[in-house]
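Colleague: The following block contains the structure, expressed as structure tokens.
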Protein chains: 4
Amino acid sequence: MSQAETTRRIGVALLGSSFMGRAHSRGLDAVRTLEDHPAAVPALRAICGRDQKKLDGMRDRYGWERTSTDWRALVEDPEIEVFDNAASNHLHAEPTIAAARAGKHVICEKPLGRDAAETRKMLEAVETAGVLHMCAFNYRFLPAIRFARELIERGDIGAPRQFRSRFLLGSGAVPGEAETAWRLRRETAGSGVVGDLLAHHVDVARYLVGEFTAVGGATRTWGPQRAGVEVDVEDAVVATVEFASGAIGTMEAARVLPGQVLESAVAIDGSEGSVTFDVRSPNELTFADARGSTTISVTAPEHPFAELWWPRGHGIGWGDSFSHELRHFLGAVAGAWEVAPHGATFLDGLRCAEVCDAVLAAATSGHRTEI
Amino acid sequence: MSQAETTRRIGVALLGSSFMGRAHSRGLDAVRTLEDHPAAVPALRAICGRDQKKLDGMRDRYGWERTSTDWRALVEDPEIEVFDNAASNHLHAEPTIAAARAGKHVICEKPLGRDAAETRKMLEAVETAGVLHMCAFNYRFLPAIRFARELIERGDIGAPRQFRSRFLLGSGAVPGEAETAWRLRRETAGSGVVGDLLAHHVDVARYLVGEFTAVGGATRTWGPQRAGVEVDVEDAVVATVEFASGAIGTMEAARVLPGQVLESAVAIDGSEGSVTFDVRSPNELTFADARGSTTISVTAPEHPFAELWWPRGHGIGWGDSFSHELRHFLGAVAGAWEVAPHGATFLDGLRCAEVCDAVLAAATSGHRTEI
Amino acid sequence: MSQAETTRRIGVALLGSSFMGRAHSRGLDAVRTLEDHPAAVPALRAICGRDQKKLDGMRDRYGWERTSTDWRALVEDPEIEVFDNAASNHLHAEPTIAAARAGKHVICEKPLGRDAAETRKMLEAVETAGVLHMCAFNYRFLPAIRFARELIERGDIGAPRQFRSRFLLGSGAVPGEAETAWRLRRETAGSGVVGDLLAHHVDVARYLVGEFTAVGGATRTWGPQRAGVEVDVEDAVVATVEFASGAIGTMEAARVLPGQVLESAVAIDGSEGSVTFDVRSPNELTFADARGSTTISVTAPEHPFAELWWPRGHGIGWGDSFSHELRHFLGAVAGAWEVAPHGATFLDGLRCAEVCDAVLAAATSGHRTEI
Amino acid sequence: MSQAETTRRIGVALLGSSFMGRAHSRGLDAVRTLEDHPAAVPALRAICGRDQKKLDGMRDRYGWERTSTDWRALVEDPEIEVFDNAASNHLHAEPTIAAARAGKHVICEKPLGRDAAETRKMLEAVETAGVLHMCAFNYRFLPAIRFARELIERGDIGAPRQFRSRFLLGSGAVPGEAETAWRLRRETAGSGVVGDLLAHHVDVARYLVGEFTAVGGATRTWGPQRAGVEVDVEDAVVATVEFASGAIGTMEAARVLPGQVLESAVAIDGSEGSVTFDVRSPNELTFADARGSTTISVTAPEHPFAELWWPRGHGIGWGDSFSHELRHFLGAVAGAWEVAPHGATFLDGLRCAEVCDAVLAAATSGHRTEI
């Protein structure tokens, strides 16, 4: 019995032809290579963007059947079953809502909306439409993060007590590594490093530690001008956080630090032990207790996603998390499993947006802000 | 010309016979071994505490000339030129003030007082008495921290932008590693991890980044009972911090985390580069810029304190910072150099106490607190 | 002008449906996704193996147009321009030689033959046939290894003085991670860890340091029975090596060490500096000189292969080296560049086999063996 | 009951006023500070060397009662019970033998003699004299090495299979870090990095893995002139080694590598797990098995030497191993324990010398050399 007979082929349209458009295209293209009998594989129907030359290149490279510069046409297309939104933030809400209303299952890059209010409209739309929905928090699909969840669920770290995360980039400070202008403007991005970077760790924290209850924070804009625009969003954020479990923590993000390439690290200390993750070693998780600090290569047969890849010790890259993520959503569409809890739903996207808004509000007011 | 002819011998009395009493005794004893022609070496006149058996042991081990259980007698002793207070926090103010009034130069363990108010009295006393004074922040005397200051002063990291520190212990969570009861009670300790651990990093931050302007924070007490007492101080703290330079940061400390042995790390990202330090590698400093992240063995001839020790690559231990620190104060008493800027004065101790108090106030009020 | 108009499509047949068959399939499939205007992309004409069920699965996953269980038919197929041999070692020589004689360009997994003698026949065949040939040493296509070559060529480490490598696995010692039986028998594998693991580092050493002149060595077989067969090849090897440049070094490999997951590390110390690489951090290279040890994230725009991937800091995985490798060979077939020096030719494969044979001979004789 | 009543004071004379003379002086001076009731403490009777100014400085710093420039007088001195030889290699045999014949217990720096033949004479002398003897291999007195022995003895790594060590320095390549001339000449040093560096790891290997049975090797002299002399000893060595247990391994040492500060690392892989040590992290040992790689802070109450120091997490420095070592020998003289197995005897020194000689012989002959 071949894959052709048992695997559903699901028509997908993608909005976005830049960094995330490439990451999703490559992820979609690679879904079929992951295992013998996937629940579903995508049919790459159409890619949509504004730059025809870029779209032509992506059609050639990733095998998109056709290109489009009009997302409105795509959301009505009966060949499309899943609408994947990897466009810039200000193009998340309207096309995604329209697709949902047209009955498409939708997956959208983070942050969903530019703030919690816009995100709430997106959640309402998908719930009204009754379609499946997922927010593309790809960290949940890194083997080490999924394995951290397993360790925590089986009690290895006990009750969470202290959390810390940092997401630090230098790209805004290195000449020649042009930042994208839309990310530097409130109108197009909603926020700066809070929505772009901190949001990833807020979602990881919710996935591993649980709900936030209060935050405090401070921000800085180092700007003033980069990528040809006046920066009007925050370039740096620091925050204290409190969780329903009683745990407390620190979070921070920045993107104008030349001494940082890309550090994205999360750690949780509990009453019995600790787990630590850094995306620079995406195939490793560190677990520590009173006996010592153990680095685990999350590539053994018993580890998450390992069955989709190579023998033990042969790690995957950051970009491969997108294949896991898109396979997950397509599998949910095919009925093989639910989006939640391992995929982030639009409700998760909203909860994250509420925390992000609260951090920004706290930075402005100087007061601890309840979620 | 031998050491005997050119080196001043300075009579020292020490108050304290526990962890810090041992660290100071060993540090004092080792000062004379550090180099050929020290400005001053201590004469270990008297050690003072409550437990005669412990005092006898310390006399034998460190060569104290005599023991005492009455600090009041010592502060009047004409043989004593320097009074070194390594007792528990509630015994910092009164004996130190009495010693200063008696004209002794004073060095006192951190935190000076149990809060800023008590610390201010100590500062007033030494200023009134006109004696030399130093707060025993030993991190300033680790080669890597001193070298970080050199790098920052010569502009290698540019303007500071982001700061982070964490001081994480598991001792309160590991059966058999008894905590000391006085550290767990507000009356004797003043505060919990804020004064005990965070204070170290507050001082390092002031030494490397400059003055604080505002803080936010949250605390937790995981207690309830340890070391035979009801814990009424905080076991964990998280904070956001802001500096006069415009930099922002996160700080945290904890001591009931079984997954942590002792991590004490500080990092500063600037507009040109970053420096990172972790006391687990006390002979290393990491400097990073857009070219990469460079681990420097701070043991070469050109590095701070290296002339006092071994050839390049042969590192020293945490405890050796106490020799550096006490040599520094004795050298100041002998007129070889000033206490500031490399030694922390009582004014530095007060500034640190004000930041610590503000963190605790912010944790209670939920409001950003100005310093 | 789209990819379709300017990119050559080159018909490829693949022999092999196990670990390396999968790695090559995925690598071939991903070549087209690497950049806008590749010199050539593969047309995946046929995959050949013995197990029809596995072949069916691979056709579905990687898009092979057809399957075959008879490699003899494939090497005559006019649609096939490149023959890619990823079969087990005893199936390297005969099919590859036949393909070359039929005028196919050939790429073959390492080790080419089971010993130098068999490898020499393969080299003679491709030279006689006048076809392009490449030995699939994929380490040359990891960004950090290519970048190490750049650093060395521009003189950063000076003259090489000392080399070390270790390739250490635990798979033979972990129940449930079945080794492949053919790798454990001399008849099918030629040798054990020497051809399987050490050969990778021999090639890297030749690529970065230059030719070997002499070796010494010792081996062990920990066997006795694994994967259902009597192990008659070496499970562990240690060697001393000498280079034409005057440098000396140590090398070792093993696969029955439960404390090792997969460590594959190479280091070269020169008269001016050192470089170090470990495949567990495939996106990093460490360069050290008297100023310190600098970890470089080999993901910036100026680094090898970076233009084919993501923005700085987003690393790739081990498996992605196969896309680089196969893109390189296809590009050479299309005339865009030469196979050498960055790709290993069959001559490189022979030189490597001679070193491997010499290590085994030295282990038996106890004498330093000249190459 | 004070230390004075129960602790033996043992008269010690030290030969050597350079690097090792300082390390032993400081180590002796610090023995009394290590614990409440030591079995013995040294009385620092006399230090002997050639440079009176240096001797005066050492008397002042370490408290030597008197200085001498004539070792022959010291070995007859009835006040001296222990003769500690920390002089350069060519001054090891004659004074140590004379001291033993005079009935002094002797401790001598490694390597004992300049070769095995000279070392054998030293062993015969101490055995004939019936005095206690110890070879100052200080690595055995680092907490992590002692703890590694505990782990191995209780079976945690199973049967040893593979060993590796490297001892890499840059001091010979860094202008201004003058090497000592006597170390660069065969007449005064016996050998180069083999006796100076490799010998340390040979002893550690014997302590942890057991006896050597055969070695192969190669050496290089990068010279030609350094420290004002023509270098006629090896600057670099690589070796393969075989043990009675069946384990094999690689060893190497070098001291003209500018990319190395001081790396001194040892690893043993066994049939059940692995241990790894690097002197750059002297308070840590790594143990690995199929579950992961665990870094252990060897500072908890249950760890070797921890009772002599600070609470968990507060590490010691390289130099503190000398206090442990000298305390061990003095304790043996006082009858508290035996020199062996934790201290290296002169027989251990001879066994080590035989291995070192065999490595040099193998490098010359090109043949595996049996021990």
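The values are calculated or read from the model by the stated rules, or taken from the named source; none is laboratory data. The structure presented is a predicted model; accordingly, all values stated were derived computationally and were not measured. Note: ideal-geometry Cβ built from the backbone for every residue, glycine included; neighbour counts use all protein chains shown.
Okay, residues lined up against (1) away from chain A (no Cβ under 14 Å); (2) more than 30 Å from C:E127 (Cβ to Cβ):
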residue: C:R291; (1), (2): yes, yes
residue: C:H303; (1), (2): no, yes
residue: C:D320; (1), (2): no, yes
residue: C:G331; (1), (2): yes, no
residue: C:L350; (1), (2): yes, no
residue: C:E354; (1), (2): yes, no
residue: C:A363; (1), (2): yes, yes
residue: C:R368; (1), (2): yes, yes
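Colleague: While we're on this one: Does at least one position in segment C:115-135 carry a residue that is closer than 26 Å to D:W222 by Cβ and either away from every other protein chain (no Cβ under 14 Å) or free of Cβ contacts under 8 Å to residues at least 60 places away in the same chain (or both)?
Modeller: Here is the first cut: in segment C:115-135, the residues closer than 26 Å to D:W222 by Cβ are none.
Checked against the condition, which is being closer than 26 Å to D:W222 by Cβ and either away from every other protein chain (no Cβ under 14 Å) or free of Cβ contacts under 8 Å to residues at least 60 places away in the same chain (or both), segment C:115-135 yields no hits at all.
Colleague: A follow-up question, please. Residues that are outside any strand (DSSP E or B), closer than 30 Å to C:E234 by Cα and aliphatic (A, V, I, L, M): does segment D:262-282 have at least one? Step through it out loud before you land on a result.
Modeller: Filtering segment D:262-282 for residues outside any strand (DSSP E or B) gives D:271-273, D:279-282.
This time we only want the ones that are closer than 30 Å to C:E234 by Cα, so: D:271-273.
Pick out the ones that are also aliphatic (A, V, I, L, M) and you get none.
Within segment D:262-282, not a single residue is outside any strand (DSSP E or B), closer than 30 Å to C:E234 by Cα and aliphatic (A, V, I, L, M).
Colleague: Can you find a residue in segment C:203-213 that is more than 13 Å from the chain's Cα centre (by Cα) and farther than 28 Å from C:V333 by Cα?
Modeller: Within segment C:203-213, one or more residues are more than 13 Å from the chain's Cα centre (by Cα) and farther than 28 Å from C:V333 by Cα.
Colleague: Return yes when A:A86 is within 25 Å of A:A334 (Cβ to Cβ) and buried (at least 17 other Cβ atoms within 10 Å of the Cβ) and no when it is not.
Modeller: Numbers: within 25 Å of A:A334 (Cβ to Cβ): yes; buried (at least 17 other Cβ atoms within 10 Å of the Cβ): yes.
Considered against the rule, which asks whether it is within 25 Å of A:A334 (Cβ to Cβ) and buried (at least 17 other Cβ atoms within 10 Å of the Cβ), A:A86 comes out as yes.
Colleague: If you don't mind, there's one more thing I want to ask. Pairs under 8 Å by beta carbon, first residue free of Cβ contacts under 8 Å to residues at least 24 places away in the same chain in segment A:346-366, partner in a loop (DSSP other than H, G, I, E, B) and of a type outside the set (S, T, N, Q), six or more apart or different chains?
Modeller: That search, which allows pairs on different chains as well, returns A:G366/B:R368.
Colleague: Does at least one position in segment B:313-321 carry a residue that is closer than 30 Å to A:E242 by Cα and of a type in the set (V, I, T)?
Modeller: Within segment B:313-321, the subset closer than 30 Å to A:E242 by Cα is none.
The answer is no, given that none of the residues of segment B:313-321 is closer than 30 Å to A:E242 by Cα and of a type in the set (V, I, T).
Colleague: Taking the criterion of being of a type outside the set (V, I, T) and away from chain B (no Cβ under 14 Å), would at least one residue in segment D:252-261 satisfy it?
Modeller: The initial filter retains those residues of segment D:252-261 that are of a type outside the set (V, I, T), namely D:252-255, D:257-260.
This time we only want the ones that are away from chain B (no Cβ under 14 Å), so: D:252.
Yes, segment D:252-261 has at least one match.
Colleague: Does segment A:305-318 hold any residues that are part of a helix (DSSP H, G or I) and within 12 Å of chain C (Cβ to nearest Cβ), and which are they? Spell out the reasoning first.
Modeller: Applying the first criterion (part of a helix (DSSP H, G or I)) to segment A:305-318 yields A:306-308.
Scanning segment A:305-318 gives A:A306, A:L308.
Colleague: Need at least 2 residues that are modelled with pLDDT of 95 or more and farther than 16 Å from C:L44 by Cα per element, so show me which strands (runs of 3 or more DSSP E) inside segment C:73-146 make the cut, counting only ones lying wholly within it.
Modeller: Values: elements: C:82-85, C:105-108, C:133-135.
Fully inside segment C:73-146 and qualifying: C:133-135.
Colleague: Is there a residue in segment C:342-359 that is in a loop (DSSP other than H, G, I, E, B), among the small types (G, A, S) and either in the same structural domain as C:L14 (by TED's automatic domain parsing) or closer than 30 Å to C:V41 by Cα (or both)?
Modeller: Initially, segment C:342-359 is screened for residues in a loop (DSSP other than H, G, I, E, B), giving C:342-343, C:345.
Filter once more, so that each one left must be among the small types (G, A, S): C:343.
From what's left, either in the same structural domain as C:L14 (by TED's automatic domain parsing) or closer than 30 Å to C:V41 by Cα (or both): C:343.
Among the residues of segment C:342-359, at least one is in a loop (DSSP other than H, G, I, E, B), among the small types (G, A, S) and either in the same structural domain as C:L14 (by TED's automatic domain parsing) or closer than 30 Å to C:V41 by Cα (or both), which makes the answer yes.
Colleague: For D:T276, only one of the following conditions fails: (1) in contact with a strand residue (DSSP E or B) (Cβ under 7 Å, 6 or more places away or on another chain); (2) β-branched (V, I, T); (3) within 14 Å of chain B (Cβ to nearest Cβ); (4) surrounded by fewer than 23 Cβ atoms within 10 Å (Cβ to Cβ). What is its number?
Modeller: (3) is the only condition that D:T276 fails.
Colleague: Within segment A:209-231, take every residue that is surrounded by fewer than 21 Cβ atoms within 10 Å (Cβ to Cβ) and part of a loop (DSSP other than H, G, I, E, B) and give me the one that is farthest from the other protein chains (Cβ to nearest Cβ).
Modeller: Top of the filtered list is A:G228.
Colleague: Answer yes or no: is there a residue in segment A:177-191 that is among the β-branched types (V, I, T), closer than 28 Å to B:V266 by Cα and touching a residue at least 12 places away in the same chain (Cβ under 8 Å).
Modeller: Pass one, segment A:177-191, residues among the β-branched types (V, I, T): A:180, A:188.
Subset that is closer than 28 Å to B:V266 by Cα: none.
No, because not a single residue in segment A:177-191 is among the β-branched types (V, I, T), closer than 28 Å to B:V266 by Cα and touching a residue at least 12 places away in the same chain (Cβ under 8 Å).
Colleague: Report yes if D:L55 is closer than 30 Å to B:G319 by Cβ and not basic (K, R), otherwise no.
Modeller: Values: closer than 30 Å to B:G319 by Cβ: yes; not basic (K, R): yes.
Spelling it out, D:L55 is indeed closer than 30 Å to B:G319 by Cβ and not basic (K, R).
Colleague: Let me ask something additional. Any chance you could count how many residues in segment B:197-206 are surrounded by 23 or more Cβ atoms within 10 Å (Cβ to Cβ) and either free of Cβ contacts under 8 Å to residues at least 40 places away in the same chain or away from chain A (no Cβ under 14 Å) (or both)?
Modeller: Summing the residues that are surrounded by 23 or more Cβ atoms within 10 Å (Cβ to Cβ) and either free of Cβ contacts under 8 Å to residues at least 40 places away in the same chain or away from chain A (no Cβ under 14 Å) (or both) in segment B:197-206 gives 5.
Colleague: Could you list, in sequence order, the residues of segment C:164-174 that are farther than 12 Å from A:R312 by Cα and more than 9 Å from chain D (Cβ to nearest Cβ)?
Modeller: Within segment C:164-174, the subset farther than 12 Å from A:R312 by Cα is C:164-168, C:173.
Across segment C:164-174, the qualifying residues are C:S165, C:F167.
Colleague: Among the residues that make up segment A:47-62, is at least one of them assigned to a strand (DSSP E or B), buried (at least 18 other Cβ atoms within 10 Å of the Cβ) and modelled with pLDDT of 95 or more?
Modeller: Yes; the residues of segment A:47-62 include at least one that is assigned to a strand (DSSP E or B), buried (at least 18 other Cβ atoms within 10 Å of the Cβ) and modelled with pLDDT of 95 or more.
Colleague: Also, I was wondering about something else. Taking segment A:165-189 on its own, how many of its residues are more than 26 Å from B:R164 (Cβ to Cβ) and charged (D, E, K, R)?
Modeller: Selection size over segment A:165-189: 3.
Colleague: Being surrounded by fewer than 21 Cβ atoms within 10 Å (Cβ to Cβ), modelled with pLDDT of 95 or more and not in a strand (DSSP E or B), is that true of even one residue in segment D:286-301?
Modeller: Checked segment D:286-301: no residue is surrounded by fewer than 21 Cβ atoms within 10 Å (Cβ to Cβ), modelled with pLDDT of 95 or more and not in a strand (DSSP E or B).
Colleague: Oh, and also: Taking the residues in segment D:142-163 that are of a type in the set (A, V, I, L, M) and within 12 Å of chain C (Cβ to nearest Cβ) as candidates, determine which candidate is nearest to D:S274 (Cα to Cα).
Modeller: The first filter runs over segment D:142-163 and keeps only residues of a type in the set (A, V, I, L, M), leaving D:142, D:144-145, D:148, D:151-152, D:157, D:159.
In the following step, the residues that additionally are within 12 Å of chain C (Cβ to nearest Cβ) were identified as D:151, D:157, D:159.
Numbers: D:L151: 10, D:I157: 6, D:A159: 10 Å.
Result: D:I157.
Colleague: Just checking, which of A:A227, A:A173 is in contact with a Pro (Cβ under 6 Å, 6 or more places away or on another chain) and modelled with pLDDT under 95? Walk me through how you get there before you give the answer.
Modeller: Values: A:A227 fails: in contact with a Pro (Cβ under 6 Å, 6 or more places away or on another chain).
The unique qualifying residue is A:A173.
Colleague: On to the next question. Looking at (1) closer than 23 Å to A:P38 by Cα; (2) within 14 Å of chain A (Cβ to nearest Cβ); (3) under 24 Å from the mean Cα position of the chain (by Cα); (4) not acidic (D, E), which is the one condition that is false for C:R66?
Modeller: Evaluating C:R66 over (1) closer than 23 Å to A:P38 by Cα; (2) within 14 Å of chain A (Cβ to nearest Cβ); (3) under 24 Å from the mean Cα position of the chain (by Cα); (4) not acidic (D, E) leaves (3) as the failure.
Colleague: Within segment B:27-43, count every residue that is within 12 Å of chain D (Cβ to nearest Cβ) and in a strand (DSSP E or B). Talk me through it step by step, then tell me what you get.
Modeller: In the first step, residues of segment B:27-43 are kept if they are within 12 Å of chain D (Cβ to nearest Cβ); the result is B:27-38, B:41.
Then keep just the ones that are in a strand (DSSP E or B); that gives B:41.
Total satisfying the criteria: 1.
Colleague: May I pose another question? Looking for whichever is more than 27 Å from D:D84 (Cα to Cα), of a type in the set (D, E) and not assigned by TED's automatic domain parsing to the domain that holds D:V126 here; the options are D:E263, D:E338. Which one fits?
Modeller: Sole residue among the options that is more than 27 Å from D:D84 (Cα to Cα), of a type in the set (D, E) and not assigned by TED's automatic domain parsing to the domain that holds D:V126: D:E263.
Colleague: I'm checking my understanding of the structure. Among residues of segment C:116-135 that are farther than 13 Å from C:I80 by Cβ, of a type in the set (A, V, I, L, M) and touching a helix residue (DSSP H, G or I) at 6+ places or on another chain (Cβ under 8 Å), which one is surrounded by the fewest Cβ atoms within 10 Å (Cβ to Cβ)?
Modeller: Filtering segment C:116-135 for residues farther than 13 Å from C:I80 by Cβ gives C:116-130, C:132-135.
With of a type in the set (A, V, I, L, M) added as a condition, the list becomes C:116-117, C:122-123, C:125-126, C:129, C:132, C:134.
Next, only the ones that are touching a helix residue (DSSP H, G or I) at 6+ places or on another chain (Cβ under 8 Å) stay: C:116, C:122-123, C:125-126, C:129, C:132, C:134.
Working: C:A116: 21, C:M122: 26, C:L123: 24, C:A125: 20, C:V126: 25, C:A129: 18, C:L132: 20, C:M134: 26.
Within segment C:116-135, the match that is surrounded by the fewest Cβ atoms within 10 Å (Cβ to Cβ) is C:A129.
Colleague: Name every residue in segment C:97-115 that is in contact with a Lys or Arg (Cβ under 9 Å, 6 or more places away or on another chain) and crowded, with 19+ Cβ neighbours inside 10 Å, in order of residue number. Talk me through it step by step, then tell me what you get.
Modeller: Of all residues in segment C:97-115, those in contact with a Lys or Arg (Cβ under 9 Å, 6 or more places away or on another chain) come to C:97-98, C:113-114.
Those that are in contact with a Lys or Arg (Cβ under 9 Å, 6 or more places away or on another chain) and crowded, with 19+ Cβ neighbours inside 10 Å: C:I97, C:G113, C:R114.
Colleague: Additional query: When you go through (1) surrounded by fewer than 24 Cβ atoms within 10 Å (Cβ to Cβ); (2) more than 8 Å from chain D (Cβ to nearest Cβ); (3) over 24 Å from C:C108 (Cα atoms); (4) modelled with pLDDT of 95 or more one by one for C:A189, which number turns out not to apply?
Modeller: (3)
Colleague: Can you name the residue in segment B:232-258 that is assigned to a loop (DSSP other than H, G, I, E, B) and out of contact with any Phe, Trp or Tyr (no Cβ under 8 Å at 6 or more places or on another chain) and is also farthest from D:G317 (Cα to Cα) among such residues? First the steps, then the outcome.
Modeller: If we filter segment B:232-258 for residues that are assigned to a loop (DSSP other than H, G, I, E, B), which is where we start, we get B:232-235, B:244-247, B:255-258.
With out of contact with any Phe, Trp or Tyr (no Cβ under 8 Å at 6 or more places or on another chain) added as a condition, the list becomes B:232-234, B:245-246, B:255, B:257-258.
Values: B:D232: 36, B:V233: 33, B:E234: 32, B:S245: 36, B:G246: 38, B:R255: 24, B:L257: 26, B:P258: 25 Å.
Applying the filter and picking the extreme gives B:G246.
Colleague: Also: Quick one: A:I47 ticks every box in (1) within 14 Å of chain C (Cβ to nearest Cβ); (2) over 22 Å from the mean Cα position of the chain (by Cα); (3) free of Cβ contacts under 8 Å to residues at least 40 places away in the same chain except a single one, so which number is it?
Modeller: The failed condition is (2).
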